[in-house]
Every structure is written in C-alpha cells, then in structure tokens.
There are 2 protein chains.
Amino acid sequence: MYRTNTCGELRLSDAGREVTLAGWVQRARKMGGMTFVDLRDRYGITQIVFESDSDTALFDAANKLGREFVVQVSGTVQERENKNKNLPTGEIEIIATSLKVLNRSDVPPFTIEDDTDGGDDLRMKYRYLDLRRSCVRGNLELRHRMAFEIRRYLDSKGFLEVETPVLIKSTPEGARDFVVPSRMNPGEFYALPQSPQTFKQLLMVSGFDRYFQIVKCFRDEDLRADRQPEFTQIDCEMSFVEQEDVLQMFEGLVKHIFKYVKDIDFADPFPRMTWADAMRLYGSDKPDTRFGMQFVELKDLTTGKGFAVMDDAEYVGAIVAPGCADYTRKQLDQLTEFVKRPQVGAKGMMWVKLENDGSIKSSVGKFYSDDELRGWLERGGANPGDLMLILAGATMKTRKQLNELRLEMGSRLGLRDPQKFSCLWVVDFPLFEWDDETQRYYAMHHPFTAPNPEDVDKLDTDTGAVRATAYDMVVNGNELGGGSIRIHDSELQDHMFRLLGLSEDEARYKFGFLMDAFKYGAPPHGGLAFGFDRFVSILAGLDSIRDVIAFPKNNSGRDMMIDAPSTIDQSQLDELSIAVTEPEKK
Amino acid sequence: MYRTNTCGELRLSDAGREVTLAGWVQRARKMGGMTFVDLRDRYGITQIVFESDSDTALFDAANKLGREFVVQVSGTVQERENKNKNLPTGEIEIIATSLKVLNRSDVPPFTIEDDTDGGDDLRMKYRYLDLRRSCVRGNLELRHRMAFEIRRYLDSKGFLEVETPVLIKSTPEGARDFVVPSRMNPGEFYALPQSPQTFKQLLMVSGFDRYFQIVKCFRDEDLRADRQPEFTQIDCEMSFVEQEDVLQMFEGLVKHIFKYVKDIDFADPFPRMTWADAMRLYGSDKPDTRFGMQFVELKDLTTGKGFAVMDDAEYVGAIVAPGCADYTRKQLDQLTEFVKRPQVGAKGMMWVKLENDGSIKSSVGKFYSDDELRGWLERGGANPGDLMLILAGATMKTRKQLNELRLEMGSRLGLRDPQKFSCLWVVDFPLFEWDDETQRYYAMHHPFTAPNPEDVDKLDTDTGAVRATAYDMVVNGNELGGGSIRIHDSELQDHMFRLLGLSEDEARYKFGFLMDAFKYGAPPHGGLAFGFDRFVSILAGLDSIRDVIAFPKNNSGRDMMIDAPSTIDQSQLDELSIAVTEPEKK
C-alpha cells in the first residue's frame, strides 16, 4: 500500500499516529538543523519534518529532493508549534522516519502555484503541469460536481440520459461539419454532430418523453475568442409541452445549480424579454442585465436641426453613464477611439454632459440649443453629473455599436461583477434571418423550430416578421442556453424546408429519415441545450471556457500539448481512399 | 397544458377525477356500442372508453383513430368492471369527454408490441419505431440507471469525471483510427480516440488521483459479430496504487451494480485465475465459468501407442460432458461437424463413452485398450454416463478449438443461463505477443502496461515470458473490462518502446508529450476500463450490445436509419483539402 492517508486529511486528533503519505514535493526548506517539506496531493498539503540529529542518511536524502519529486514518506503525526491557520492540516506535521523517492522530476517550466502560470503558451504545452495548480484543478472539480448534480436533478424529473451517435451524417449546415472518411465504405464520410438535434427529436417520436444528454458536439469553424472545435452541451428535449413548460423546467434546473454551487436563491421568476425589446433596449440578443444603461432613442429629437450626421441617420441611440459628467477630454477621446475600432466600427461618438450645477456641455453644442439637449437628457432620465453618449447610423449596426459601448462603460464603472448573477429569458426570436449575399432566408435557430402559432399565416406573405417559438437563457450577457418548440407536423416541416430554399430532393437527402419519422405519430415536443462549458465558467467566475476544459485547443484548433492535428501516413490515406490536395486559395 | 397525468399513473384512488392524457393509440376496438382505446406513453397504458350513446361526434372521431395516432383525451376516471391485473392502471379507465388528434400516423411497418419486431433490417431502418416497444426502451432505461449509479458510486469513492478530448492524434494502433481532416490545418488530421488512455495517464501526472469517465471510443475495424465502430467505456485510473488496490476498488463497483440492478449479492471475493491457467483449463482468456468441464490434458497417456493422430500432436486435450454417454452417432457427428467448421477449424474429434454399466465405447477403440481409455476417463473425473470429447493438435490452436467445443456443450446442456452470473479476474497476462508475420513483439494490452516487477530482468533475455501487471474482469465468458498498472518510469517506458520496435523518433512523434510528462514526476498509477455496452447487455440478459444502443450501426458500420456514411459535396472536399481516391484492391 502506497499510503495510509492523503495529504489533506490529518488533523490534531491524529497526533501520535504512524502514517504513510505519498505526493509531490511542493517545496523544501532547510531551517536550523531541520528540513521542512510541503507534500502535496489533490487533497491538500501536509508538512513533513526531517531532523538532522535523528537519521543522517534520511536527512541527507530529504535535502536532495527537488520540486515536484514524487515521494512516499512514513512518520509520526505531531502537533505543530507554528500552526498554519490557512491550511486544514496546519495544526500538525509529520516527523519523518522513512523516505522513498517514487519518481524524480526535471525542473518544471513554471512553478506549480496558484498565482504563477508561465503564460498561456507554456501552460497549454505543459497542460499536465498546469492542471497540478489547485485553482485549475478546482475548476475541473467544479465541472465534475456540476455535471453530477445536473444529472441527479434531471433524473429526479424523469429525464433519461440517452447516448446518441457521434458518427452521423452531414447536415445542411454541413460547411461546419467535421467529416470522417469510412474505411469500410470508400468515398463515403460520417460527420461529427454539431448537436444531437435530429436524434433527440427522433427519441421524442419514439416516446421517450423526457431526454437529456451531457454530450460532446463539434463545429469546424474559425475559432473566435472563446470557441472550441469540440464543446459540451446539456442537451434536453420533452414531449407534450408548450414553451411555458420548457421554460419552467429549465429555469428550475438553473436555479437549482446556482443554489447548489453558489448558495444563491433566485426567489423571483427570471425576467423575460422579447428579442425585439432586447435589440431595442440593449442592441443585443444576450444583454448583460447586471446593470441598467438601457438605450434611449433620440431620432425624433435630433432630426431637422441642420446637423447632417443626425439627419441622415436611420437611427440615433444613446446611453446615460451615471456620474461620468466629469470625464475628461482624454477619457472621451478614448471612448471615441473605442467605438471607432474595427471590431466596433462606428464612425464617431457624440456626447452631452449634464454637469452637477445643471449646466450642459456637448460635442454637438453648436448644432443644438441647451434646451434641445436638455430634452435628450430628460428622455434618458439623466441626473446632474451624468454623461450621455450618442451614436447615429443604420439601425441594426448602430445598436450593435451602442451595445459594445454600453458593455465598455459597464466595465469601466465596475458594474459587471463576476460574482453577481443576472438571468434572463429572451423570447420571441424571429424565425428567419435574411441574408443579403445569397438573397434568401436562413433559419435563425434551425429548420425544425416551430413558428409562433399566431404568425403561421404570415409564413408566405410576411416571412421576415414571423416569430419563432424560440427562447434563450442569458446570464450576465452570455448565452447560457437556447431552444425552441419544434415542428411536429410533417406538412409544416416541408413548408419550412421550402422557405429555406431546400428542394424536396435536398430535404429528403438530408432529413429523409426525420421526415419519414414524423409520418408515424410525432408528438408535440420542444427542448433546449445549455453550453456546459459556459455554464461552468460563469459559475467559476471565469471569462474563458478554456479554463474549465481539461485539454483545450487553441484558436487554430491545435492541441499544443499533443501537437494535433498532424499529418498521417500515406498508407493510412490509401486505406481510407483519400488523398491530400492543395489548399484552396481564399 | 397537454396533460394532467401520464398514461401510467392513474389508480383506483383517482376515480371520479377529471383528467387529460396524451399518448399514442396502441389499439382501438369496438364492442357493444363502445370503443375502447389503449392509450400508451413511456409510463404505461391507460384504457379510454368512448360511448356511442353520449356524444355521437366524439364516438365517430374515436372510431377513426388508427394505430400510433397521437391524441389528447380528457375524461373522468372510473373504476373498471373487467379489471386487468397485468396492468398497473388496470383497475381504472377513462370515460372520454373530448378527443383531439395531435398527429396522425401512417400504418407502421411493424406493430409496436413486445413480441413482434418485423426483423432486423426493418427494426434498424425504423429504429425510432422499434424504440417505442417497451422491451427495447426498457434496455435504454436500464442503461440510464446503470450509468447514473456507476457515476454515483465512483463519485462517492472520490473519483472525478473529467472529459478528455475527442479530436486527438493518431496513435501506433493508428491503422484502426478514424481520422478527421482539419479545415484550418490543411493536410493535417485529428484522430478519434480508441480510448482516452494517454489522457488519463496525463491526468495522473497532473495529480488528479482518481479519474473516471463514461466516454465514447472509436475503432475503425471490420466489425465482427458484436462490435460497433463507436462504443462506450467506463474508463478509470488511480494513482498510488498497486494491482490489488485496483482489483478491490472495481470489484466493489461491479458487485454494487449487480446488487443495484439484479439484487444479487456476491458474498465472496471474485475468483482469480492466471492467464496461463485460463488457457490451460479453458483455452480462453475469458472463460465462461458458469459451468465446469475444465480441460484435461492427455498427451502423456495417448502417445506411443501407434496412433499417429495422437503421436504427432503437440497437445491432446479433452472435456467430460456429464450425462452424455447416451449421445447417438448422429449427435456425435454433429459435434464433429461443429469442430470442423472453418470458424473452429479442427480436423476431427475423438470421443470415449463411459456407459452407465461401466463399459466403454470409443471412436479410437481400435488403438487403445479399455484400460488405457479408463485411465483417460479417470484423469477427467468421468462418472458412469459421461462422455469424453478429445481434440489433438498444436497447443494454442487446439485449446481454442476445445474452448469452442466446451462452450457448445455448455449451451447444449443448458449450463449457460443468462440469469446466472459468474465473475472472474484473469491476471498475469503476458506482456508481449509474438507476431509471426512481422517477426516482432506487440504489446498484448498497450505499450504503457508495466511488467510484473518479478519479471523485469527478463525483458531482454526472455521477452516472451515476461508477465504483465494486467488483469481482465470476465463475466459469463465475456470480457467485461480490463486494465493494468502502468509504467511510470520514463526509462522503462523508453525500453518498452524499443522492444516494441518503435524507434526513438517514432516514439517521440507518437508519444513525445507522454514521455515529456513522465519527466516531471509521474506517480505510480494504474486503472482499467469496462465496456459499458457489454455491461448493460449482460445485466439485461441480452446477447448483443446492439440492443442496448439507441442508434446502433450494422456490421458494415452503416446507420441504416439515417443512411450514414454518405458522400459529401465536392465543395466540402475542397474546403478540407482532400480528394476521394480509388479504393485499394485488397
């Protein structure tokens, strides 16, 4: 047996016991004829004492230990003189009587401590060392606990976890599918699922009634800031439900997990906001509602005064930043620079200050009278000392820019505390999105989303205005999850495919099995999927999902540690009946 | 709301209640002015009654319902006259007051009943209908319950579930890797994991101490009877353990699950058998120990009597089939045919009968005296009425043939009851397997398996005789799981790679990250993996793992329902920088 105890469990009440521990040498220090070693394992740190005057050979051996050596130590538990209140084992130490080096260690490229990490590249290359840091491991322990508790909760609600296949068929969003050549079926390919969408719907057709799965999904797309080519979803579906049933069920799950992890009670139901309102008030379908600063529309007040920027704009929107009237010219210039960055894309920014003494200053003072400006401030509910920031331009674009500005101001004002949580349902998404380039509609969610029953008669006549029975859960400006009520009527589904520009043949090729299945008694059903990586990172108070993934990939989809992807042998290519071709010029 | 209750929950105590149910029409029958509909959902079946004399329109609508229509019915719960004791809801029925057809159904290609399934091809093509059958759904419910309970148990033992990547790097067993071209890294490929082996070892290097994962794995191989290209493992690893710790831990898990699912107590520790004994006594490393009929070796007794078959044989082995001395010539011929089938491959079979009256009959009576034959029977422990069956030839081949014959006899004698469970640890596997074709050693398990410490000095001198610290758990002749203690010493690991014919460059290319990791303090560690599909199928009393997989593939790796794999567009191939080539001639 390698150990009688872990490095985290011995207490004062164990004093006098003979024990054996095993773990890693966190650090060793020599002090006055004694050597103290902090021995670390997953469970904690225990101090080991080697005394020079008891066993010289043992003492010498202890002094040769390097950082991260793996050792087995036996000895006697003893009360410590200088107790360490910060350590659960801080009241005891082990007086060593034997020491065995189980494995040596090269000097690690960075020290294994919470507050040093050696930078991102080193961390990823030596992820196995990075994972030794208790803060990193803690994130994965949280992930384990959350996954387990989510399963327990859904099981208690009658949901069955069913594994759906990973080797499936390419779908209409196929451009982002990873594909897998089949050795047994030369020239043919599997695809990896972007989600188990069709399978969970088939399980509803099968009468499974309540399904869930915590499942890996895959998307081969250029990785923006915080995406991974493989990610984990909590995928759920229910039969004989309407939107309200789904929202209730999964609001319950989210509240339960917040309570379980953070001991937070959300007494009230989560607020709900239509997609149209979210766009109008926040310029985003995932508003960060930890703070206010809702948009104010000023087009009517700004137009017709001879200022072309305002007159030509389709939309004029503003936010009021509380207490920012004292912003300097430099600070205002910084904000202007911020909105002009290519990622935001505004042409400029206007501002109006309502000084503490009630006077007004503005970047557009020469076009508008103080009274006119006062009208703007009044509409925005500004108080003395507040600053109004204004953008003008095309509606959707300007709203998005104003959203970025709002978030930036929220950050500057410290209103985006990661330990504060604001949850929101966004509902009534549009069913379709128009694409100018291809001159056709795309499904905003996916082609199985049901239209709002009130809007079905507009499908052909006013396609863009049709609302979907779709909903997103938003937490602190992140889309935590989303879903919809599905179409269970095969005629309506056919209609949708047509509106999305899929010919009958294409639809049959891609979804024949689903269309067939719907002919044999599909129940009304709906569901949603949560991004599990995101869920964990929000509760861990982290910005990036990478920190809650054991072995993440970088922005080029590379695993820096194992160096994948990589080339494969010609013989393997031959076996698979494929060849590598020149990359396309983009 | 679609329903107030499920079809499985109403009881006599609910009589008088107004309820609404939703579900599928299992069947409808008209009898004496009434129509009875069995309404089915996942939770059960409830009888609905439509009366002709109360509401004609409603009655007419009920008579138009077809099988598998999805309906919503409201009505009053009433005590039933003819109670059905076989149904939990059999004491009540619903007197319908309204009926809404939620969806119609074409006539299904087979009826949704437990004892009809329409044959394998139809079942697979219409898997979503097959899954409506309660026996099939029951298997997946069992799977859900087992997965949950395994997680609960391992969590209680301090194991953390960690998700390891699916997009990894091709390994030495690469010929069986599925690969995935990377769009962002043209000419490079990910591989899908055949197991998370290296990642779980890295997690031990990271100090995770106890890891598990219920995880999909992938193997692109010709699918024998009961393999799937994607399958699910319960993958486990522990640090600071020896073989005994691992066996104890996971014997505990298996016993717990047997108790949980089947209420079976295995009071005693599972028996353990060396691989050498398993081969000697059963000719298999996964013996079915539900019954005896161990091999008896007769070479010394059969040789030198002038019978060339015996004299030339390297090995002569026999089993004694109890009570089979009355086998007819025809039955014996059938057995001879059985062993001569190409799948078994024996040249012939010999037999000796010990009749009830003590007399002897044998197919080799002209070569051996009754006394000599009696010596064979005695060694085999035969009783009057027993039949000895004998095969002769090369040792390993003949043992395998005799294993097939033993299993066949076990089946014929009804000794392989699927409701009886016999568990066994097979230990001391050889570390290496010699391959005649390539004239080199292969790792019997994988290249990370530690040699038995007692045999390390034989690595170079007597390579084939080195035992591994490897173990399999065998249940009823199935390999339920297996694992090993791993090498944690990077020098020993290098040595192993050399013995397996991997050059330093190859080893570095394939496993550089693991070899690097082992330089930074790898703890002693070991683990195992269970085949989860097999585990469920054994406890469900099923022969095939296909029956416990929601959407399985057939023997050609095809999903018959979604028709995958399939061809993909040229544009998609171009995007991925690959082309399809002519399949190799085999």
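Show me, for segment B:229-243, the HN-Hα J-couplings you get by feeding each phi into the Karplus relation (A = 6.51, B = -1.76, C = 1.60, θ = phi - 60°), rounded to Hz, glycine and proline as x.
x, 10, 9, 10, 10, 9, 9, 9, 8, 9, 9, 6, 10, 10, 3
Assign unit charges at the C-beta atoms only (+1 for Lys and Arg, -1 for Asp and Glu), then state the dipole size of segment B:291-412 relative to its Cα centre in Debye, rounded to the nearest 20.
440
Just order B:564-575, B:268-279 by mean Cβ neighbour count inside 10 Å, highest at the front, would you? Before the final figure, lay out the partial values.
Details: B:564-575: 17.4, B:268-279: 15.8.
Final packing ranking: B:564-575, B:268-279.
Can you list residues from other chains, or at least 5 along the same chain, whose modelled amide H is less than 5 Å from the amide H of A:Gly481?
The list, which skips near neighbours in sequence, is A:Met473, A:Gly531.
Output, in nm with one decimal and in ascending order, the distances from the B:Glu242 label point to the matching label points of the other copies (7 Å from Cα along Cα-to-Cβ).
Shortest to longest, the spacings are 6.7 nm.
Lysine pairs in segment B:118-231 8 or more apart or on different chains: how many have alpha carbons under 28 angstrom apart?
Working: B:Lys125/B:Lys216; B:Lys157/B:Lys200; B:Lys157/B:Lys216; B:Lys169/B:Lys200; B:Lys169/B:Lys216; B:Lys200/B:Lys216.
Lysine pairs meeting both conditions in segment B:118-231 amount to 6.
Measure nothing fancy, just the Cα-based angle from helix A:395-412's long axis to the longest principal axis of chain A, in degrees from 0 to 90, nearest 10.
Between helix and principal axis, roughly 30 degrees.
So what's the gap between the Cα centers of segment A:371-449 and segment A:508-586, to the nearest angstrom?
After rounding, the separation between the Cα centres reads 30 Å.
Give the nm distances, rounded to one decimal, from A:Pro271 to the matching residue in every other copy, measuring between label points 7 Å along Cα toward the beta carbon; shortest first.
7.0
Averaged over its residues, how many other protein chain Cβ atoms are within 10 Å of peptide B:448-457's Cβ atoms?
Values: counts 0, 0, 0, 0, 0, 0, 0, 0, 0, 0.
The mean count of partner-chain Cβ atoms within 10 Å per residue comes to 0.
Under the rule of at least 5 residues apart or a separate chain, name every residue whose amide H is placed under 5 Å from the amide H of A:Ala321.
For A:Ala321, the qualifying residues are A:Leu387, A:Met388, A:Leu389.
Would you work out which of A:Gly306, A:Ala325, A:Met396 lies farthest towards the positive end of the dipole of segment A:291-412, given +1 charges on the beta-carbon of Lys and Arg and -1 on that of Asp and Glu, about the Cα centre?
Positive-end residue among those listed: A:Met396.
Using only Cα atoms, locate the centre of segment A:333-351 and the centre of segment B:97-163, then give the distance between them in Å, rounded to an integer.
56
Provide B:Lys353, B:Lys286, B:Lys100 in ascending order of the number of other Cβ atoms located within 10 Å of each residue's Cβ, fewest first.
Least crowded to most crowded, the residues run B:Lys100, B:Lys286, B:Lys353.
Please give me, ordered by residue number, the GluC sites (Glu not before Pro) of segment B:235-290 that lie in loop per DSSP and have at most 16 other Cβ atoms within 10 Å. Intermediate results must be reported in sequence, preceding the final value.
Numbers: sites: B:Glu237, B:Glu242, B:Glu244, B:Glu251; in loops: B:Glu242.
The qualifying sites are B:Glu242.
Nm distances between the label at A:Arg412 and the same-position labels in the remaining copies, 7 Å along Cα→Cβ, shortest first?
9.0
Over all residues in B:123-132, what is the mean tally of Cβ atoms on other chains that come within 10 Å of each residue's Cβ?
Numbers: counts 0, 0, 2, 4, 4, 16, 8, 1, 7, 6.
Going residue by residue through B:123-132 and averaging, the value is 5.
Sort out for me the Cα centre separation of segment B:14-89 from segment A:452-500, rounded to whole Å.
Computed from Cα coordinates, the inter-centre distance equals 34 Å.
Give me the one-decimal nm value for the distance between modelled label points at A:Glu141 and A:Leu87, 7 Å along each residue's Cα-to-Cβ direction.
Label-label distance for A:Glu141 and A:Leu87, simple model: 1.6 nm.
Given H placed 1.01 Å from N in the peptide plane, which residues other than close sequence neighbours of B:Arg467 have an amide H under 5 Å from its amide H?
B:Leu431, B:Asn452
Mind giving me the nanometre distance, one decimal, between the label points for B:Asp60 and A:Asp268, set 7 Å out from Cα along Cα→Cβ?
Going by the 7 Å Cα→Cβ label model, 5.3 nm.
Could you work out [θ]222 nm for chain A from helices alone, using -39500 (n - 2.57) per DSSP H run of at least four and dividing by all its residues? Round to the nearest 500 deg cm²/dmol. Before the final figure, lay out each step's value.
Details: 16 runs with 165 residues, N = 586.
Here the helix-only value at 222 nm equals -8500 deg cm²/dmol.
Per-residue counts of other Cβ atoms within 10 Å, averaged by peptide: what ranking do you get for A:534-542, A:5-13, B:209-217, highest first? If you can, show how the numbers build up before the last one.
Numbers: A:534-542: 21.1, A:5-13: 17.1, B:209-217: 23.2.
Highest-to-lowest ranking by the protection proxy: B:209-217, A:534-542, A:5-13.
How large is ³J(HN,Hα), in whole Hz, for each residue of segment B:333-349 in order, when computed from phi with the Karplus curve 6.51 cos²θ - 1.76 cosθ + 1.60 and θ = phi - 60°, using x for Gly and Pro?
Taking θ as phi minus 60°, the curve returns 4, 4, 5, 4, 4, 4, 6, 8, 4, x, 5, 9, x, 6, 7, x, 9 Hz for segment B:333-349.
What is the antiparallel percent of DSSP beta bridges lying wholly in segment B:434-586, to the nearest 5?
On the way: 16 of 16 bridges.
Of those bridges, close to 100 percent are antiparallel.
For the pair B:Thr111 and B:Arg341, what calculated FRET efficiency results from E = 1/(1 + (r/R0)^6), where r is the Cβ-Cβ distance and R0 = 45 Å, to the nearest 0.05?
Step by step, r from the Cβ atoms, then E = 0.75.
Just going by the charge dipole of chain B, with Lys and Arg at +1 and Asp and Glu at -1 on Cβ, which of B:Val166, B:Ile234, B:Asn5 is farthest out on the positive end?
With unit charges placed on the Cβ atoms, the residue in question is B:Asn5.
Please list 3J(HN,Hα) in residue order for segment B:181-193, calculated via the Karplus relation 6.51 cos²θ - 1.76 cosθ + 1.60 where θ = phi - 60°; whole Hz, with x for glycine and proline.
Going residue by residue, I get x, 9, 5, 7, 10, x, x, 10, 9, 8, 10, 8, x Hz, with x marking Gly and Pro.
Run the simple label-point estimate for B:Lys30 and A:Thr438 please: 7 Å along Cα→C-beta, distance reported in nm.
Placing both labels 7 Å beyond Cα along the Cβ direction yields 5.1 nm.
With both partners inside the protein assembly as shown, how many of the DSSP beta bridges are antiparallel, as a percent to the nearest 5?
Working: 193 of 207 bridges.
Just about 95 percent of them are antiparallel.
What average number of partner chain Cβ atoms lie no more than 10 Å from the Cβ of the residues making up A:43-50? Don't skip to the answer; put the middle values down first.
Numbers: counts 3, 0, 0, 0, 0, 0, 0, 0.
That average works out to 0.
Where a number appears in this text, it was derived from the coordinates with a stated rule and is not lab data. Quick caveat, the model's predicted, so the values are computed rather than measured. Positions of Cβ are backbone-derived with ideal geometry, glycine not excepted, and every protein chain shown enters the neighbour counts.
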